[in-house]
2 protein chains.
Amino acid sequence: MARPSRQVHPSPDGTTPAASTNVATGVPTLRDVARATSVSQSTVSRILSDAPTAIPIAAATRERVLETAKRLGYRPNPLARGLMGARTMLLGAVIRDITDPSFPAIIEAVTTEATGHGYNVVLGHAQGKAGEAVELWAILESRHCDAILLLGDLSNQPTLIEDLAGTREPVVALWHGSRSTVIPTVNVNNRGAITTVMEHLAALGHQRIAFVGRRQLGDIVERAEAYEAFLERRGWQIRPEYMPDAVNEYEGGMEALHHLMRLDEPPTAIVGATDVLAIGLVHAALQRGLRVPADVSVTGFDDIPGAHVIMPPLTTMRMPVRAMVKAAMDIAIGSPDRGFDPAVDVHPVFEAELVIRDSTGPPPGSGNPT
Amino acid sequence: MARPSRQVHPSPDGTTPAASTNVATGVPTLRDVARATSVSQSTVSRILSDAPTAIPIAAATRERVLETAKRLGYRPNPLARGLMGARTMLLGAVIRDITDPSFPAIIEAVTTEATGHGYNVVLGHAQGKAGEAVELWAILESRHCDAILLLGDLSNQPTLIEDLAGTREPVVALWHGSRSTVIPTVNVNNRGAITTVMEHLAALGHQRIAFVGRRQLGDIVERAEAYEAFLERRGWQIRPEYMPDAVNEYEGGMEALHHLMRLDEPPTAIVGATDVLAIGLVHAALQRGLRVPADVSVTGFDDIPGAHVIMPPLTTMRMPVRAMVKAAMDIAIGSPDRGFDPAVDVHPVFEAELVIRDSTGPPPGSGNPT
DNA sequence: CGTATGACTGCAAGCGATTGTATGCAAGCG
DNA sequence: CGCTTGCATACAATCGCTTGCAGTCATACG
């Protein structure tokens with residue numbers, strides 16, 4: 001790293017070197033702007049970062065500086081800024097699994113919202129492994145992100161959440177399943193949503209309803225519980241064989257369907273814990289020669305892109321992704337200085353909306369199939 | 001920002017304050033480690049950043065320092081490091097449109113590869129607008145990313161590419177359509193791939209083949225050209241009405257299909273420029289009561305997740321995403337110091353692989369539909 | 001036994017920006 | 001006309017870390 005060690009010698013003859021500009025990088029620095037305008041760095045700094053300063057600046061000077069800065073193409077160095085403890089305008093995002101089709105929309109919302117606030121997003125991909133998430137968090141923190149968003153349930157490793165709780169930056173978890181009270185969480189009303197789905201199915205005449213999803217991720221746990229609770233309220237039987245374990249992938253859904261259809265008394269409707277699962281369910285059903293929804297109804301959750309272009313288009317629950325991300329952002333970077341703003345709810349819960357499409361219908365043999 | 005201005009007074013009585021640790025943040029600094037070990041910062045720095053230094057360090061000292069550093073949980077501050085011109089270990093990624101289902105896999109590959117190299121990824125979402133991409137680039141550069149990856153065709157705004165060419169960090173474009181020679185590009189052999197698809201269809205007996213995709217994105221332009229070239233080679237007629245314009249969304253594909261099927265002589269096979277388009281095509285065909293592939297064959301491009309769980313599973317071209325990203329990474333951050341390594345090919349082209357599934361078959365009325 | 005070589009370390013000067021405090025100057029007041 | 005005020009700037013100290021160069025012993029050589 002052959003960096004010229006001393007560049008800014010006061011020039012033996014006394015003349016100040018014009019505008020040296022860090023020779024190595026070619027990027028104009030604050031000092032260059034100061035020199036070019038014949039004012040001090042402090043003045044330039046105060047003007048450019050127009051922070052609420054007690055010190056007044058002459059309008060003329062401000063003009064001049066602003067002009068030179070633009071002319072030189074000056075850009076503040078975020079590194080130096082961050083060093084002094086100023087905000088880095090970086091938002092860390094730890095994503096459970098970017099491969100999951102429900103995340104792109106979330107990421108899109110996050111980057112858009114963040115940009116709107118002048119923030120950049122540093123992406124960390126946990127690849128489903130909580131171990132990596134811990135490490136990621138460390139990285140993000142050391143990068144001095146102003147806030148960190150946890151996207152998806154990363155709670156299977158308790159250490160993470162605990163560590164995060166002790167951190168100095170705001171950390172907000174989205175779709176984490178509302179189990180943690182240590183950190184703010186923004187969630188969807190899973191119980192309410194599943195209840196809505198079940199009621200939709202029940203209204204259609206279904207009684208033998210299965211639920212597919214692995215009780216591991218926070219959101220899915222809640223959904224499963226809501227499913228059981230509904231059955232109980234109705235006084236319907238809870239059959240363990242109606243709740244097969246399934247990894248959250250298309251294949252998981254496919255296997256689950258085959259399992260369910262091999263049962264002596266197969267369900268007439270299946271609630272998928274996610275759209276991915278539901279699409280797998282539908283696909284496997286079709287492969288088996290079953291008709292959806294004539295032979296079996298299927299519902300999903302998330303309304304991922306593509307959920308409406310499968311055949312039949314999927315009935316599912318749509319979450320207000322944008323609003324949720326916005327809420328998280330407000331909690332995370334909304335309060336200017338001190339930690340969280342006590343005035344805002346740090347555990348908001350949003351309602352999902354039932355999108356009825358063609359994958360649900362009356363159970364087989366129920367008179368008029370519409 | 002009430003930051004205690006002077007902290008490290010030599011303590012009147014001569015005792016060195018234990019380990020002050022930046023009170024504001026609570027994060028141990030290099031100085032803390034130095035004090036705790038009773039050595040100078042320089043020594044600690046040299047040890048921890050084990051840079052190839054001409055200056056030798058006693059093994060015992062090294063041990064001691066390493067041990068204390070670990071005990072204190074010391075983490076170097078990337079900001080301060082970057083300020084000195086060291087690598088920031090940040091990789092900028094500008095994504096054309098994260099909403100496009102083919103990108104998640106790419107992002108996944110990028111984050112994984114980057115992590116493997118010790119890099120973090122800063123994500124920029126261009127939202128399809130090239131104007132934003134320019135701005136993004138500026139941001140990423142000012143963040144001192146060690147390299148920048150352009151994901152997807154951002155070339156519709158020429159300024160971007162020009163600006164980028166003059167930058168000092170390595171910039172590599174992936175899936176940019178191989179039109180730019182100003183910056184390194186990693187591409188898939190679109191012409192070869194489309195030729196493969198066309199041959200597959202021709203071998204099945206199709207002669208009336210349509211192509212759906214908007215000639216705007218680099219990759220798609222190439223694919224369209226290859227389509228025409230194939231027709232020409234065979235001496236088949238190029239019908240403009242067989243090349244409808246279609247936005248790269250499910251809906252675009254659906255509209256295109258309806259358009260094609262309203263033709264007096266509709267095609268028996270349709271090549272979708274992307275899987276998204278293809279899925280839209282299939283969906284619309286099914287809606288129209290057409291059977292795929294009995295009535296019309298459809299092919300896609302990308303093999304996005306989900307392409308195999310629609311009905312019928314999509315015949316498509318799969319790209320070696322991982323290998324392509326790896327190649328880009330090698331170009332971008334492979335050479336340690338000076339720009340690009342002249343030894344490596346900066347315009348590698350990868351071959352896509354035909355994945356035959358069930359959306360293609362012989363044209364209607366061709367004897368045995370197997 | 002004095003003094004060269006080395007092997008190790010410490011000093012201190014920045015990187016680029018922020019910010020508390022001091023300074024220069026022109027009005028304003030009595 | 002001297003001095004208080006207040007406005008506009010400049011100074012200088014840091015943030016945490018890297019690094020060229022100077023300094024310190026200890027050992028080895030003449």
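Numbers for the structure displayed
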item: Teacher prompt: B:Arg62 distances to equivalent labels in other copies, 7 Å Cα→Cβ, nm; result: 5.6
item: Per-pair calculated FRET efficiency, R0 = 51 Å: B:Leu83 and A:His258 via Cβ, rounded to 0.05; result: 0.30
item: Integer Hz, Karplus 6.51/-1.76/1.60 couplings in order for the range B:356-363, x for Gly and Pro; result: 8, 10, 9, 8, 10, x, x, x
item: 5 angstrom amide H check on A:Val186, placed H, neighbours 5+ away; result: A:Ala173, A:Leu174, A:Trp175, A:His176
item: Amide H contacts of B:Thr88 (H built 1.01 Å from N, under 5 Å, at least 5 apart or other chain); result: B:Asp146
item: Sum of side-chain charges, B:Leu91 neighbourhood, beta-carbon under 11 Å (Lys, Arg +1; Asp, Glu -1); result: -1
item: Amide H contacts of A:Ile270 (H built 1.01 Å from N, under 5 Å, at least 5 apart or other chain); result: A:Ala210, A:Ser297, A:Val298, A:Thr299
item: P(r) tail fraction, the range B:218-360 - alpha-carbon pairs more than 18 Å apart, %; result: 61 percent
item: Virtual spin-label span in nm between A:Ile55 and B:Arg291, 7 Å along Cα→Cβ; result: 8.2 nm
item: Residue order, fewest to most surrounding Cβ atoms within 10 angstrom, among B:Glu63, B:Glu169; result: B:Glu63, B:Glu169
item: Nearest-0.05 FRET efficiency for B:Arg168 and B:Glu67, computed from C-beta distance (R0 51 Å); result: 0.85
item: Rel. contact order, % - alpha carbon contacts under 8 angstrom, at least six apart, the range A:200-293; result: 34 percent
item: Label distances, nm, A:Asp358 versus same residue in remaining copies, Cβ-directed 7 Å point; result: 1.7
item: Label-point separation in nm, B:Glu265 to A:Glu353, each point 7 Å along Cα→Cβ; result: 4.7 nm
item: Whole-Hz couplings from phi, Karplus 6.51/-1.76/1.60, listed for the range B:317-334; x for Gly and Pro; result: 9, 9, 9, x, 3, 4, 5, 5, 5, 4, 4, 4, 5, 4, 5, 6, 10, x
item: Inter-chain shielding of A:309-320 (mean C-beta neighbours from other protein chains, 10 Å cut-off); result: 3
item: The range B:246-301 - Rg over Rh from alpha carbon coordinates, Kirkwood radius; result: 0.92
item: Other-copy label distances relative to B:Asp264, 7 angstrom Cα-Cβ extension, nm; result: 6.5
item: Residue mean of other protein chain beta carbons inside 10 Å, B:278-286; result: 2
item: Sequence of B:Ser366, A:Ser45, B:Ser102 once ranked by neighbouring C-beta atoms within 10 Å, starting from the fewest; result: B:Ser366, A:Ser45, B:Ser102
item: ³J(HN,Hα) computed for each position of the range A:239-246 - Karplus, 6.51 cos²θ - 1.76 cosθ + 1.60, integer Hz, glycine/proline x; result: 9, x, 5, 8, 10, x, 6, 8
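No value in this document is a laboratory result; all are computed from the given coordinates. Note that the coordinates shown come from a computational prediction; the quantities given were computed from them, not determined experimentally. Neighbour counts run over all protein chains shown; Cβ positions are idealised from the backbone, glycine included.
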